[in-house]
Structures are given as C-alpha cells and as structure tokens.
Amino acid sequence: MSMSDRHPRRLRRSVLCVPADNDRALAKVISLAPDAVIYDLEDAVLPDRKSDARAALVRHLAQETPGIERIVRINGLASGFGEADLAALSNCRFDAILVPKVEGPRDILDIAERLDEGDAPEDLRLWAMIETPRGVLNVAPIAETGRTRGGRLDCLIPGLNDLRKETGVAALPGRTYLVPWLMQILLAARGSGLDVLDAVFNDIRDAEGFAQECAAGRDMGFDGKMLIHPQQIAPANAAFAPSAADEADAREIVVAFDHPDNAGRSVIVHKGKMVEVLHLEQALACLAKIEAIKSKGTPT
C-alpha cells in the first residue's frame with residue numbers, strides 16, 4: 001500500500017480554530033466555508049471551563065457540518081485533562097484528533113494506542129502540533145509514526161507562538177529566524193507523506209500582512225494555514241488554491257505528454273524546456289486539487 005493510499009490528500013487550505021466553549025462560535029461554523037475546523041479544548045479553554053467545553057462540543061459534533069473536516073485539539077495526557085477529553089469524545093463522530101505540544105514519537109503512539117484499545121474507527125486520524133524546541137528537534141521521528149502500518153498521523157502544524165515564547169525569537173515581519181524551523185517541519189512531513197499547515201497569523205486587523213504570510217507559506221510548500229478568525233478563510237482559500245496560470249500550465253503539460261509524438265517518453269521538450277514525468281505528476285495533482293475545490297463549491 002502506498003503512502004498516498006494510507007494518507008489520501010484532502011483540501012486543507014483554510015483550517016479555522018474555534019474555542020469549544022464558545023457556543024456562538026460553534027453555531028456559526030455551519031455558515032462558514034473553511035476546509036476544516038479545529039475545535040479547541042486546550043489553550044482556548046480555561047481549566048475551570050474544560051468540562052463545559054467538552055459537553056458543548058459533544059452536542060455540536062452530533063450535528064452535521066457538510067464539506068468541513070472536523071478536528072478536535074485535546075489536552076495533553078500529562079495535563080490531567082486529556083484522558084477526560086478522549087472519554088467524552090469516544091462516541092462522537094469527527095475526523096481527527098490534534099495532539100498538542102508533541103515532543104517525540106511516544107506522544108503520538110500513546111494516543112494511537114488508546115484509540116486502538118477503545119476500538120476507535122480506523123479512519124480517525126491524528127494531527128500533531130510541533131510547538132516546542134524538542135518537538136522541532138524530533139520532528140522527523142514524529143512524522144515517521146505516520147509511515148508505520150496502521151499509523152494514524154496525517155498532518156503536522158507548527159505552533160510558532162509557543163516556539164517564540166520558549167526560544168525568545170522575535171516576532172519579526174517575514175518570520176526571518178523562524179523560516180528554517182518551518183522548513184524543517186515541512187521536510188519531515190513530506191518525507192513521511194503527511195500534510196503540513198502553516199502557523200496562525202495573530203493580527204486579525206492586518207489583512208495585507210496576512211495575505212503576504214499566506215503567499216510565503218504557499219511558496220514554501222504548505223498545504224494551507226491555521227486560522228484564528230472567519231475573515232481569514234476566504235483569503236487563505238484563495239492563496240492556497242492553484243492560480244489560473246497554474247491551471248493553464250498544468251493542462252498544457254498533460255496535453256503535451258498525450259501527444260502521439262511523445263508516446264512512451266518520460267522526458268519531453270515543452271516550450272523549450274525539459275519536462276519530466278515528475279512534472280506531469282505535479283500537473284495532474286494540480287488539476288485534481290482544482291476539481292476538488294470546484295466540487296466543494298468554494299472559489300479557486
């Protein structure tokens with residue numbers, strides 16, 4: 001079985017975080033158009049609100065949210081709240097659990113073992129927040145847990161706010177000193193066939209800065225972006241979708257390889273450039289993403 005079979009790609013251009021104890025925000029989800037929602041039981045919920053947040057989330061998950069992948073960020077098992085989160089969610093239907101502050105493979109494997117012991121559906125996936133120095137240092141073996149038979153890990157997300165706090169790195173425009181860590185996390189994800197999302201942009205008022213950071217994340221190779229406000233959804237969807245020029249180039253490459261003169265060739269010349277089968281595979285992936293966006297009904 002190939003990595004793509006075990007980790008089928010999904011649209012994850014826009015992944016909105018919603019506090020699980022905010023009834024108004026939960027109710028609004030159905031009217032929004034993100035590709036995915038992370039329901040947060042961890043940092044967004046104060047300790048004395050954890051129980052109420054679980055109850056509210058269980059009620060919400062009983063409703064359908066068509067076209068939206070649903071992920072729940074639980075508390076860490078060592079926090080004293082994580083076990084209660086898993087117990088409350090055991091009869092709920094959603095798509096993935098986001099594990100916070102993952103620092104090594106054991107953090108993922110422990111959750112996976114509990115899911116297996118509880119007969120959780122095989123398609124219930126795990127995502128990992130990489131938000132500590134140790135997590136960045138161990139990101140390759142963390143990602144490798146997604147390559148094991150039955151591995152549930154599907155996606156990595158860097159948590160730059162925590163990384164800044166833990167390291168003292170300044171919050172500079174362009175994330176100058178953080179880009180090497182972002183690329184390290186991305187490389188580990190791709191090495192294990194996983195998706196990877198860019199971190200949140202904190203200033204809701206700075207639309208231009210958000211657009212610039214989305215463009216940078218796209219150019220670095222991220223699949224999408226973790227969001228903190230609904231107004232960031234449409235710009236993220238646009239930024240992480242193939243452009244009209246991307247689509248035109250992809251279609252031309254497919255047509256070029258289909259030409260009778262190029263039958264059976266793994267390398268061709270197209271517009272004066274060498275084009276290999278790997279470029280054809282990229283073109284087909286681009287067109288598949290465009291079709292997925294069109295079928296979802298959100299603008300490309």
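The values are calculated or read from the model by the stated rules, or taken from the named source; none is laboratory data. Fair warning: this is a prediction, and the values are worked out from it, not measured in the lab. Quick reminder, even Gly has a Cβ in these numbers, built from the backbone with ideal geometry, and neighbours come from all protein chains shown. Just the protein is used for accessible areas: all its heavy atoms, side chains included, with ligands, DNA and RNA removed. Shrake-Rupley method; radii C 1.70, N 1.55, O 1.52, S 1.80 Å.
Quick notes on this structure:
- Other residues with beta-carbon under 13 Å from the beta-carbon of LEU16 carry, at +1 per Lys or Arg and -1 per Asp or Glu, a net charge of +3.
- Length gained when the stretch SER51-LEU284 is fully extended (0.36 nm per residue, less Cα-Cα span): 79.3 nm
- A Gaussian network model of the chain, with springs between Cα atoms under 10 Å, assigns the largest mean-square fluctuation among VAL275, VAL200, VAL179 to VAL275.
- Sorting the segments 92-101, 151-160, 18-27 by their residues' average number of neighbouring beta-carbon atoms within 10 angstrom, most packed first, yields 151-160, 92-101, 18-27.
- Straight-line cross-link partners of LYS271 among the aspartates and glutamates, defined as a Cα under 19 Å from its Cα and at least 8 positions apart when in the same chain: ASP246, GLU247, ASP249, GLU252, ASP258, ASP261, GLU281.
- Share antiparallel - DSSP beta bridges, the chain, percent rounded to 5: 10 percent
- As a length-normalised measure over Cα pairs under 8 Å and 6 or more apart, the relative contact order of the chain settles at 16 percent.
- Listed by number, the DSSP H helices of the chain that run 15 Å or longer by alpha-carbon position along their axis and have mean Kyte hydropathy of at least -0.5 are 50-61, 179-191, 207-220, 244-258, 277-296.
- Largest GNM mean-square fluctuation among MET220, MET183, MET274, using the chain with Cα springs under 10 Å: MET274.
- Atom-type composition of the exposed protein surface of the chain places 54 percent of the accessible area on carbon and sulfur (1.4 angstrom probe).
- Note on the chain: helix-only mean residue ellipticity at 222 nm, from DSSP H runs of 4+ residues weighted -39500 (n - 2.57) and normalised by residue number, equals -13000 deg cm²/dmol.
- Residue list for the stretch 59-100, given a label point 7 angstrom along the Cα-to-Cβ vector of GLU117 and an amide N cut-off under 16 Å: 77-90
- Summarising the label geometry, the points placed 7 Å from Cα in the beta-carbon direction at GLN63 and GLN184 lie 4.2 nm from one another.
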